[in-house]
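K.L.:
Take a look at the following structure, please.
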Amino acid sequence: MRVKRDLDGIYLRIERDGKYQSLCLSDMTLKELDEHLNPERGEWLKGAVIHLALTLHEIGDLFDIVGGTNE
(Lines give C-alpha, C1' and ligand atoms only; values in the text may rest on other atoms or scores of the structure.)
Protein backbone atom coordinates (compact mmCIF):
# COMPACT_ATOMS: atom_id res chain seq x y z
CA MET A 1 0.00 0.00 0.00
CA ARG A 2 1.23 3.47 -0.84
CA VAL A 3 1.96 5.94 1.97
CA LYS A 4 -0.64 8.72 2.07
CA ARG A 5 1.37 11.94 1.68
CA ASP A 6 -1.14 14.51 0.30
CA LEU A 7 1.57 16.19 -1.78
CA ASP A 8 -0.14 17.35 -4.94
CA GLY A 9 -3.42 18.80 -3.67
CA ILE A 10 -5.52 17.27 -6.47
CA TYR A 11 -8.09 14.96 -4.93
CA LEU A 12 -10.41 12.38 -6.44
CA ARG A 13 -13.03 10.50 -4.51
CA ILE A 14 -12.48 6.81 -5.16
CA GLU A 15 -13.40 3.50 -3.59
CA ARG A 16 -10.50 1.75 -1.85
CA ASP A 17 -10.78 -1.19 0.51
CA GLY A 18 -14.57 -1.13 0.27
CA LYS A 19 -15.06 2.51 1.31
CA TYR A 20 -15.00 5.83 -0.51
CA GLN A 21 -12.24 8.29 0.32
CA SER A 22 -10.62 11.39 -1.15
CA LEU A 23 -7.09 10.67 -2.34
CA CYS A 24 -4.42 12.84 -3.94
CA LEU A 25 -3.41 11.77 -7.41
CA SER A 26 0.12 11.09 -6.15
CA ASP A 27 -1.25 8.77 -3.45
CA MET A 28 -3.17 6.63 -5.95
CA THR A 29 -1.82 3.43 -7.47
CA LEU A 30 -1.20 3.27 -11.20
CA LYS A 31 -4.27 1.04 -11.54
CA GLU A 32 -6.44 3.57 -9.67
CA LEU A 33 -5.13 6.42 -11.83
CA ASP A 34 -5.83 4.46 -14.99
CA GLU A 35 -9.38 3.66 -13.86
CA HIS A 36 -10.33 7.14 -12.64
CA LEU A 37 -8.65 9.64 -14.98
CA ASN A 38 -11.08 10.20 -17.82
CA PRO A 39 -9.39 11.53 -21.00
CA GLU A 40 -12.73 12.97 -22.11
CA ARG A 41 -12.38 15.55 -19.32
CA GLY A 42 -9.50 17.24 -21.15
CA GLU A 43 -9.78 20.69 -19.56
CA TRP A 44 -9.75 19.26 -16.04
CA LEU A 45 -6.79 17.06 -16.94
CA LYS A 46 -4.92 20.03 -18.43
CA GLY A 47 -5.48 22.02 -15.23
CA ALA A 48 -4.29 19.08 -13.13
CA VAL A 49 -1.09 18.74 -15.16
CA ILE A 50 -0.35 22.47 -14.84
CA HIS A 51 -0.95 22.29 -11.08
CA LEU A 52 1.35 19.25 -10.78
CA ALA A 53 4.11 20.98 -12.75
CA LEU A 54 3.95 24.04 -10.49
CA THR A 55 3.89 21.87 -7.37
CA LEU A 56 6.93 19.87 -8.50
CA HIS A 57 8.82 23.07 -9.26
CA GLU A 58 7.96 24.42 -5.80
CA ILE A 59 9.18 21.20 -4.14
CA GLY A 60 12.39 21.38 -6.19
CA ASP A 61 12.96 24.98 -5.06
CA LEU A 62 12.19 24.17 -1.44
CA PHE A 63 14.60 21.23 -1.23
CA ASP A 64 17.08 22.36 -3.92
CA ILE A 65 16.38 19.25 -6.01
CA VAL A 66 17.52 18.92 -9.62
CA GLY A 67 16.61 15.84 -11.63
CA GLY A 68 18.60 14.25 -14.42
CA THR A 69 21.89 15.64 -15.60
CA ASN A 70 22.70 19.27 -16.24
CA GLU A 71 24.93 19.04 -19.28
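The values are calculated or read from the model by the stated rules, or taken from the named source; none is laboratory data. A quick note: this is a predicted structure, and the numbers were derived from the prediction, not measured. Cβ sites come from the backbone with ideal geometry, for glycine too, and all protein chains shown count toward neighbours. Each accessible area value is taken on the protein alone, full model and side chains, heavy atoms only, with ligands, DNA and RNA left out. Shrake-Rupley method; radii C 1.70, N 1.55, O 1.52, S 1.80 Å.
K.L.:
Nearest 10 degrees, 0 to 90: what angle lies between the long axis of helix 42-63 and the longest principal axis of the chain (Cα atoms)?
P.N.:
Between the helix axis and the principal axis of the chain, the angle is about 50 degrees.
K.L.:
Tell me the per residue accessible area of the chain using a 1.4 Å probe; a whole number in Å² is fine. Please list the in-between numbers first.
P.N.:
Numbers: 5840 Å² over 71 residues.
Counting only protein heavy atoms, the per-residue value for the chain is 82 Å².
K.L.:
Rounded to the nearest percent, how much of the accessible area of the chain (1.4 Å probe, protein heavy atoms only) is carbon and sulfur?
P.N.:
54
K.L.:
Roughly how compact is the chain, stated as its Cα Rg over 2.2 N^0.38 Å to two decimals?
P.N.:
Numbers: Rg = 14.2 Å, N = 71, 2.2 N^0.38 = 11.1 Å.
Working it through for the chain, the quotient is 1.28.
K.L.:
Then there's this: So the label point goes 7 Å from the Cα of Glu58 along Cα→C-beta, right? Which residues of the range 1-20 then have their backbone N under 18 Å from it?
P.N.:
Hits in the range 1-20 for Glu58 at 18 Å: 5-12.
K.L.:
Also, I was wondering about something else. All other residues with a Cβ under 10 Å from the Cβ of His36 taken together, and with Lys, Arg as +1 and Asp, Glu as -1, what is their net charge? Let's see the in-between values first.
P.N.:
Values: positive: Arg13, Lys31; negative: Glu15, Glu32, Asp34, Glu35.
Here the count lands on -2.
K.L.:
With a point put 7 Å past each Cα toward its Cβ, work out how far Val66 is from Arg13 in nm, to one decimal.
P.N.:
Each label point lies 7 Å from its Cα, and together they span 4.4 nm.
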